[in-house]
Amino acid sequence: MHAKALLLGLMISQASLAELRGTGDLGLVIEREPAAVQIINTSTQSSLSRIAGLGDLSHASVVYSRDARYAFIFGRDGGLSKIDLLTNKIDKRIIQAGNSIGGAISQDGKLIAVSNYTPGGVKIFSTESLKLIADIPATYADNKRSKVVGLVDAPEHKFIFSLFDANQIWIADLSTPTQPQIQKFKAIGKQTYDALLSPDGRYYIAGLFADNGLALLDLWSLEKGVKRILPNYGKKDKKLPVYKMPHLEGWAAAGNLMFVPAIGQHEVLVIDQNTWQLIKRIPVLGQPVFVMARPDGRQVWVNFAFPDNANLQVLDVKDLSIKQHLQPGKAVLHMEFTPRGEHVWVSTRDDNRVVIYDTQNFKELAHIPANKPSGIFFSSRAHKMGL
């Protein structure tokens, strides 16, 4: 009897060990309709589970906890959801606003910041409990509140974000979380639509929808204020309808070069980060949305707005030319590289699948069925400043 009990205990122990997995292989695929997320494994290229009940995920984004066990999902309905990647369950969920557009996690992993359209502002929560820690209304002239975009985490316990309606950039110092200290930079340019932070956490760059150029803030030299870069770009170009706003947060940086999607033009802009001067305009198939660098910086992958959104183009950074043209499927919305960049995952919304490519030979390796997939977020790629 003792031997049987020992054997049973050993079998249970082995079964428990078999269920253990590391979070570095995991990630999320956002499904828009019906709203859900898939927890996926990047090494086995498989889907592990699906979690529903997450509200409106039409423009959802994700950040991960410091230990990569939990994913925090920001929904368009103002929902903030904390997902346990190991138990495949919703750990906590709150509705914190009427319309939110994204968020960030603090340098120490203790705070979650959410940027809101309605009401305009930023709210700060505990990552442990989702308890509200601070509320920062984006109030400007005549007590109006601005939509907030381009929220990123920065060194020294700071969050940085842009006020779309107020034409401002704010830095919130959360060294004392319940008493944020706000530094405001005004008249930076009209209608900031998105922003990014350089991988080293030094430069915050905001795109301007209703102005030429970009707004640059050097966090090492705040006393110099906001600098306009590429101020003359596009002045003489024919204005084209903008079918989808480009996204900057991918920060396509390779060496000293920065690759930026041009608003309303069929171009990718190449900027020298040493001088912040435009060195080349690369013609591409359509209006670029995401311009993302492979982790080693050798390639830049570009997807496009309608009507060219069934296509991808790959740029070779060595000679700044188009290297490859792919057609993964209908309505390519997002891309994400595995940590070392050997594979890229591509969501094709209207084909209801995620396609996986080898980035060296561009062969399709596999695909995973998904309901109207959009954003793809890997836990092992998320621990860089500003992501």
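Couple of notes before you dig in:
- Sequence of Glu336, Glu128, Glu31 once ranked by neighbouring C-beta atoms within 10 Å, starting from the fewest: Glu128, Glu336, Glu31
- Placing unit charges on each Cβ (+1 for Lys and Arg, -1 for Asp and Glu) gives the chain a dipole about its Cα centre, and among Thr23, Leu48, Gln277 the Cα reaching farthest toward its positive end belongs to Gln277.
- Helix 2-19 and the longest principal axis of the C-alpha atoms of the chain enclose an angle of approximately 20°.
- Structure-derived mean projected area of the Cα convex hull in nm² - corresponding label in (i) 17.4; (ii) 21.3; (iii) 20.3: (ii)
- Among Ile101, Ala60, Gly79 - extreme Cα towards positive end, dipole of segment 56-116, charges at beta-carbon: Gly79
- Taking the Cα centre of the chain as reference, the dipole from Cβ charges on Lys and Arg (+1) and Asp and Glu (-1) amounts to some 420 debye.
- Each of Ser126, Ser198 has some number of other Cβ atoms within 10 Å of its Cβ, and from fewest to most they run Ser126, Ser198.
- Straight Cα distances below 20 angstrom link Lys144 to the aspartates and glutamates Asp135, Asp165, with same-chain residues fewer than 8 positions distant left out.
- Between the alpha-carbon centres of segment 55-78 and segment 131-154 there is a gap of 19 Å.
- Each of Ser379, Ser43 was scored by other Cβ atoms within 10 Å of its Cβ. Listed from fewest to most, they are Ser43, Ser379.
- Working from Cα pairs under 8 Å separated by at least six residues, relative contact order for the chain is 11 percent.
Every read-out reported here was derived from the displayed coordinates using simple, explicitly stated rules and does not represent laboratory data. Everything quoted here is computed from the prediction, not taken from an experiment. So basically every Cβ, Gly included, is an ideal-geometry build from the backbone, and we count neighbours across all protein chains shown.
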